[in-house]
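First up is the structure itself, then whatever we jot down about it.
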Amino acid sequence: MSEKQITFAARQHQLTNINVWTADSQWLAFDVRPSGASFTSQTIERVNVMTGEVEVLYQAQHGAHVGVVTVSPDMPPRYVCIHGPEHPDARWQYDFHHRRGVIVQNATAVNLDACDITPPFTPGALRGGSHVHVFSPDGSRLSFTYNDHVMHERDTRLDQRNVGIAVPLRAVTPVKQHPREYDGSYFCLLVSETHPAPQPGSDQINRAYEECWIGNRGYQKPDGRWQRWAIAFIGDTLTAEGEKRPEVFVVDLPEALDDYARPG
(Lines give C-alpha, C1' and ligand atoms only; values in the text may rest on other atoms or scores of the structure.)
Protein backbone atom coordinates (compact mmCIF):
# COMPACT_ATOMS: atom_id res chain seq x y z
CA MET A 1 0.00 0.00 0.00
CA SER A 2 1.20 3.53 -0.72
CA GLU A 3 1.75 6.19 1.91
CA LYS A 4 -0.61 9.16 2.11
CA GLN A 5 0.13 12.48 3.76
CA ILE A 6 -2.91 13.76 5.66
CA THR A 7 -1.69 16.96 7.40
CA PHE A 8 0.01 19.88 5.70
CA ALA A 9 0.03 22.77 8.20
CA ALA A 10 3.47 24.27 8.90
CA ARG A 11 3.63 23.01 12.49
CA GLN A 12 4.33 19.82 14.39
CA HIS A 13 1.69 17.07 14.67
CA GLN A 14 2.53 14.80 17.61
CA LEU A 15 1.03 11.33 17.94
CA THR A 16 1.07 9.51 21.27
CA ASN A 17 2.65 6.05 21.11
CA ILE A 18 -0.65 4.17 21.66
CA ASN A 19 -4.44 4.49 21.18
CA VAL A 20 -4.54 7.42 18.74
CA TRP A 21 -7.26 6.01 16.42
CA THR A 22 -10.98 6.44 16.94
CA ALA A 23 -12.87 3.13 17.08
CA ASP A 24 -14.29 3.63 13.56
CA SER A 25 -10.75 4.01 12.14
CA GLN A 26 -11.67 7.37 10.60
CA TRP A 27 -9.78 9.84 12.80
CA LEU A 28 -6.31 10.23 14.32
CA ALA A 29 -5.89 12.36 17.46
CA PHE A 30 -2.78 14.48 17.97
CA ASP A 31 -1.40 17.60 19.67
CA VAL A 32 0.70 20.40 18.23
CA ARG A 33 3.68 20.52 20.57
CA PRO A 34 6.85 21.70 18.85
CA SER A 35 9.62 19.17 18.41
CA GLY A 36 11.60 18.33 21.50
CA ALA A 37 10.37 18.26 25.08
CA SER A 38 8.57 21.63 25.11
CA PHE A 39 5.04 21.18 26.48
CA THR A 40 3.46 24.23 24.83
CA SER A 41 0.55 22.91 22.75
CA GLN A 42 -2.64 24.87 23.37
CA THR A 43 -4.91 22.42 21.54
CA ILE A 44 -5.57 18.77 20.99
CA GLU A 45 -6.97 18.00 17.55
CA ARG A 46 -7.95 15.20 15.21
CA VAL A 47 -7.65 14.62 11.46
CA ASN A 48 -9.89 12.53 9.23
CA VAL A 49 -7.63 10.06 7.44
CA MET A 50 -9.95 9.90 4.42
CA THR A 51 -10.67 13.59 3.83
CA GLY A 52 -7.85 15.41 5.64
CA GLU A 53 -10.38 17.46 7.61
CA VAL A 54 -8.91 18.76 10.88
CA GLU A 55 -10.98 19.50 13.98
CA VAL A 56 -9.95 21.14 17.26
CA LEU A 57 -11.13 18.90 20.10
CA TYR A 58 -10.18 21.17 22.99
CA GLN A 59 -8.32 24.43 23.56
CA ALA A 60 -6.64 25.20 26.88
CA GLN A 61 -7.20 28.56 28.58
CA HIS A 62 -5.54 30.81 31.17
CA GLY A 63 -1.96 29.96 30.29
CA ALA A 64 -2.39 26.17 30.47
CA HIS A 65 -1.17 23.73 27.84
CA VAL A 66 -2.34 20.29 26.75
CA GLY A 67 -0.89 17.27 24.96
CA VAL A 68 -0.25 13.53 24.75
CA VAL A 69 -3.81 12.67 23.74
CA THR A 70 -5.21 9.14 23.50
CA VAL A 71 -8.65 7.86 22.50
CA SER A 72 -11.19 5.54 24.10
CA PRO A 73 -12.02 2.22 22.36
CA ASP A 74 -15.74 3.01 22.13
CA MET A 75 -18.06 5.33 20.21
CA PRO A 76 -18.65 8.19 20.47
CA PRO A 77 -14.98 8.62 21.29
CA ARG A 78 -13.68 10.09 24.51
CA TYR A 79 -10.30 11.77 24.43
CA VAL A 80 -7.92 11.93 27.38
CA CYS A 81 -4.81 14.08 27.59
CA ILE A 82 -2.36 15.81 29.91
CA HIS A 83 -3.50 19.23 31.11
CA GLY A 84 -1.05 21.69 32.62
CA PRO A 85 -1.94 24.17 35.38
CA GLU A 86 -4.00 27.26 34.64
CA HIS A 87 -2.56 30.62 35.68
CA PRO A 88 0.96 29.22 36.13
CA ASP A 89 3.31 31.27 38.30
CA ALA A 90 6.83 31.06 39.69
CA ARG A 91 5.74 28.65 42.43
CA TRP A 92 3.47 26.42 40.35
CA GLN A 93 4.02 25.77 36.66
CA TYR A 94 4.01 22.77 34.35
CA ASP A 95 6.24 19.95 35.57
CA PHE A 96 6.09 16.19 35.98
CA HIS A 97 4.45 16.64 39.39
CA HIS A 98 2.23 19.59 38.32
CA ARG A 99 -0.15 18.20 35.70
CA ARG A 100 -3.38 16.24 35.51
CA GLY A 101 -5.43 14.07 33.20
CA VAL A 102 -8.64 15.37 31.61
CA ILE A 103 -11.29 13.54 29.61
CA VAL A 104 -12.52 15.61 26.68
CA GLN A 105 -15.92 15.38 25.01
CA ASN A 106 -17.80 18.08 23.11
CA ALA A 107 -14.89 20.54 23.60
CA THR A 108 -15.25 20.24 27.39
CA ALA A 109 -12.56 18.85 29.69
CA VAL A 110 -13.43 17.03 32.93
CA ASN A 111 -10.69 16.21 35.44
CA LEU A 112 -9.79 12.53 35.56
CA ASP A 113 -7.71 12.63 38.74
CA ALA A 114 -8.25 14.70 41.87
CA CYS A 115 -5.33 16.40 43.62
CA ASP A 116 -4.85 16.76 47.38
CA ILE A 117 -1.43 17.91 48.64
CA THR A 118 -2.29 18.82 52.24
CA PRO A 119 -2.76 16.31 55.09
CA PRO A 120 -4.89 14.44 55.86
CA PHE A 121 -4.77 13.19 52.27
CA THR A 122 -7.97 12.06 50.55
CA PRO A 123 -8.31 8.42 49.43
CA GLY A 124 -8.59 8.29 45.65
CA ALA A 125 -6.86 11.63 45.11
CA LEU A 126 -3.31 11.98 43.82
CA ARG A 127 -0.65 14.20 45.36
CA GLY A 128 0.97 15.22 42.10
CA GLY A 129 0.92 14.86 38.33
CA SER A 130 -0.35 12.13 36.01
CA HIS A 131 0.86 11.47 32.46
CA VAL A 132 0.13 9.35 29.34
CA HIS A 133 -3.39 8.23 30.22
CA VAL A 134 -4.54 5.06 28.44
CA PHE A 135 -8.02 3.55 28.47
CA SER A 136 -8.39 -0.15 29.21
CA PRO A 137 -9.56 -2.27 26.25
CA ASP A 138 -13.18 -2.03 27.44
CA GLY A 139 -12.93 1.72 28.09
CA SER A 140 -13.96 1.47 31.74
CA ARG A 141 -10.72 2.56 33.44
CA LEU A 142 -7.36 4.10 32.65
CA SER A 143 -3.68 3.69 33.43
CA PHE A 144 -1.09 6.45 33.75
CA THR A 145 2.38 7.26 35.00
CA TYR A 146 2.78 9.54 38.00
CA ASN A 147 5.08 11.88 39.91
CA ASP A 148 4.41 13.08 43.46
CA HIS A 149 4.47 16.77 44.45
CA VAL A 150 4.59 16.09 48.19
CA MET A 151 7.62 13.82 47.86
CA HIS A 152 9.26 16.25 45.43
CA GLU A 153 8.97 19.06 47.98
CA ARG A 154 10.47 16.84 50.67
CA ASP A 155 13.39 15.57 48.55
CA THR A 156 13.53 15.41 44.75
CA ARG A 157 15.18 11.98 45.02
CA LEU A 158 11.96 10.67 46.61
CA ASP A 159 9.79 11.83 43.68
CA GLN A 160 10.07 8.65 41.63
CA ARG A 161 8.07 7.72 38.55
CA ASN A 162 5.28 5.26 39.40
CA VAL A 163 2.34 3.63 37.61
CA GLY A 164 -1.24 4.31 38.62
CA ILE A 165 -4.78 3.54 37.51
CA ALA A 166 -8.09 5.40 37.56
CA VAL A 167 -11.21 3.31 38.24
CA PRO A 168 -14.91 4.31 38.07
CA LEU A 169 -15.54 3.71 41.77
CA ARG A 170 -16.63 7.25 42.63
CA ALA A 171 -15.79 10.88 42.06
CA VAL A 172 -13.22 12.28 44.50
CA THR A 173 -13.72 15.73 46.08
CA PRO A 174 -10.96 16.71 48.52
CA VAL A 175 -11.44 19.48 51.05
CA LYS A 176 -9.62 22.36 49.36
CA GLN A 177 -6.84 23.61 51.65
CA HIS A 178 -4.53 24.77 48.87
CA PRO A 179 -5.38 26.78 45.72
CA ARG A 180 -3.91 24.08 43.48
CA GLU A 181 -6.13 21.26 44.76
CA TYR A 182 -9.04 20.07 42.64
CA ASP A 183 -11.72 17.39 42.21
CA GLY A 184 -11.55 14.32 39.97
CA SER A 185 -14.16 12.15 38.29
CA TYR A 186 -12.33 8.83 38.89
CA PHE A 187 -10.85 7.12 41.95
CA CYS A 188 -7.07 6.96 41.45
CA LEU A 189 -4.33 4.91 43.10
CA LEU A 190 -0.81 3.66 42.49
CA VAL A 191 -0.13 0.03 41.54
CA SER A 192 3.68 0.10 41.68
CA GLU A 193 6.08 0.50 44.60
CA THR A 194 9.46 2.17 44.26
CA HIS A 195 12.53 2.46 46.49
CA PRO A 196 15.02 5.36 46.54
CA ALA A 197 17.91 2.88 46.79
CA PRO A 198 16.94 -0.58 45.46
CA GLN A 199 18.85 -3.50 46.90
CA PRO A 200 21.31 -4.72 44.24
CA GLY A 201 20.32 -8.09 42.81
CA SER A 202 16.73 -7.80 44.07
CA ASP A 203 13.38 -7.06 42.39
CA GLN A 204 13.16 -3.66 44.07
CA ILE A 205 12.80 -0.79 41.59
CA ASN A 206 13.35 2.96 41.68
CA ARG A 207 11.28 3.78 38.59
CA ALA A 208 8.11 2.29 37.03
CA TYR A 209 7.06 3.34 33.54
CA GLU A 210 5.79 2.32 30.06
CA GLU A 211 2.76 0.47 31.42
CA CYS A 212 0.08 -1.30 29.39
CA TRP A 213 -3.11 -3.25 29.98
CA ILE A 214 -2.70 -7.02 29.48
CA GLY A 215 -5.13 -8.65 27.05
CA ASN A 216 -8.59 -7.59 25.98
CA ARG A 217 -9.97 -9.45 29.01
CA GLY A 218 -6.85 -10.09 31.06
CA TYR A 219 -4.86 -13.32 30.88
CA GLN A 220 -5.03 -16.98 31.90
CA LYS A 221 -2.63 -18.17 34.59
CA PRO A 222 -0.73 -21.48 34.35
CA ASP A 223 -3.17 -23.12 36.78
CA GLY A 224 -6.09 -22.24 34.50
CA ARG A 225 -7.49 -19.38 36.57
CA TRP A 226 -8.41 -16.22 34.68
CA GLN A 227 -6.95 -12.89 35.82
CA ARG A 228 -9.44 -10.32 34.55
CA TRP A 229 -7.42 -7.15 35.20
CA ALA A 230 -3.64 -6.80 35.00
CA ILE A 231 -1.01 -4.22 34.11
CA ALA A 232 2.50 -4.79 32.76
CA PHE A 233 5.20 -2.17 33.19
CA ILE A 234 8.95 -1.67 33.03
CA GLY A 235 10.77 -1.29 36.35
CA ASP A 236 14.40 -0.29 36.79
CA THR A 237 16.26 -2.72 39.07
CA LEU A 238 19.93 -2.90 39.99
CA THR A 239 22.15 -5.86 39.15
CA ALA A 240 24.31 -7.42 41.85
CA GLU A 241 27.08 -5.14 40.56
CA GLY A 242 24.86 -2.07 41.00
CA GLU A 243 24.14 -1.41 37.31
CA LYS A 244 20.67 -0.39 36.14
CA ARG A 245 18.69 -3.26 34.59
CA PRO A 246 15.15 -2.63 33.31
CA GLU A 247 12.84 -5.62 33.79
CA VAL A 248 9.18 -6.31 32.95
CA PHE A 249 6.77 -6.63 35.86
CA VAL A 250 3.13 -7.71 36.04
CA VAL A 251 0.68 -6.50 38.68
CA ASP A 252 -2.62 -8.38 39.09
CA LEU A 253 -5.49 -6.05 39.95
CA PRO A 254 -8.71 -6.71 41.89
CA GLU A 255 -11.97 -7.34 40.06
CA ALA A 256 -14.32 -5.73 42.60
CA LEU A 257 -14.21 -1.93 42.44
CA ASP A 258 -14.61 -1.59 46.21
CA ASP A 259 -11.31 -3.42 46.69
CA TYR A 260 -9.44 -0.48 45.15
CA ALA A 261 -10.42 1.70 48.11
CA ARG A 262 -8.90 -0.69 50.66
CA PRO A 263 -5.66 0.71 52.14
CA GLY A 264 -2.66 -1.18 50.78
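The values are calculated or read from the model by the stated rules, or taken from the named source; none is laboratory data. This one's a predicted model, so the numbers in the text were calculated from it and none came from an experiment. Reconstructed Cβ throughout: ideal geometry from the backbone, glycine too, with neighbour counts over all protein chains shown. Calculation scope for accessible area: heavy atoms of the full protein, side chains included, ligands and nucleic acids excluded. Shrake-Rupley method; radii C 1.70, N 1.55, O 1.52, S 1.80 Å.
Quick rundown of the values:
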| item | result |
| --- | --- |
| At R0 = 41 Å, FRET efficiency that the Cβ-Cβ distance of Glu55 and Arg157 yields, to 0.05 | 0.40 |
| Computed over the range 1-61: relative contact order in percent, which uses C-alpha pairs under 8 Å that are six or more apart | 27 |
| Accessible carbon and sulfur surface of the chain relative to its total accessible area, %, 1.4 Å | 50 |
| Whole-number Å³ per residue for the convex hull built on Cα positions in the range 1-60 | 112 |
| Spacing of the two label points (7 Å from each Cα toward its C-beta) at His195 and Ala256, in nm | 3.2 |
| Options (1) 33, 20, 15; (2) 29, 24, 20; (3) 33, 24, 19 - which one matches semi-axes √(5λ) of the Cα gyration tensor in Å as calculated here | (2) |
| Surrounding net charge for Pro123, when Lys and Arg each add one and Asp and Glu each subtract one, Cβ distance under 15 Å | -3 |
| Between the range 161-199 and the range 12-57, the Cα center-to-center distance that results, in Å | 27 |
| Chain lengthening between Glu247 and Arg170 when straightened (0.36 nm per residue, less Cα-Cα) | 24.4 nm |
| Extension reserve of the Lys221-Ala107 stretch, reckoned as 0.36 nm per residue once the Cα distance is removed | 36.8 nm |
| Computed over the chain: relative contact order in percent, which uses C-alpha pairs under 8 Å that are six or more apart | 11 |
| Summed side-chain charge close to Val20 - residues other than Val20 whose Cβ falls under 12 Å, Lys, Arg +1, Asp, Glu -1 | -1 |
| The range 155-264 shape via C-alpha gyration tensor axes, a/c threshold 1.5 | oblate |
| Accessible area (Å², 1.4 Å probe, nearest 10) - Ser35 | 80 |
| Neighbour net charge for Gln105 - beta-carbon separation under 12 angstrom, K R +1, D E -1 | 0 |
| Cα extents of the range 56-130 along the three principal axes, largest first (Å) | 40, 29, 17 |
| Sequence-distant residues sharing a close amide H with Gly124 (under 5 Å, placed H) | Cys188 |
| Pairwise FRET efficiency - Leu15 versus Arg180, Cβ, R0 = 35 Å, nearest 0.05 | 0.70 |
| 222 nm mean residue ellipticity, helices alone, for the chain (DSSP H n ≥ 4; -39,500 (n - 2.57); rounded to 500) | -500 deg cm²/dmol |
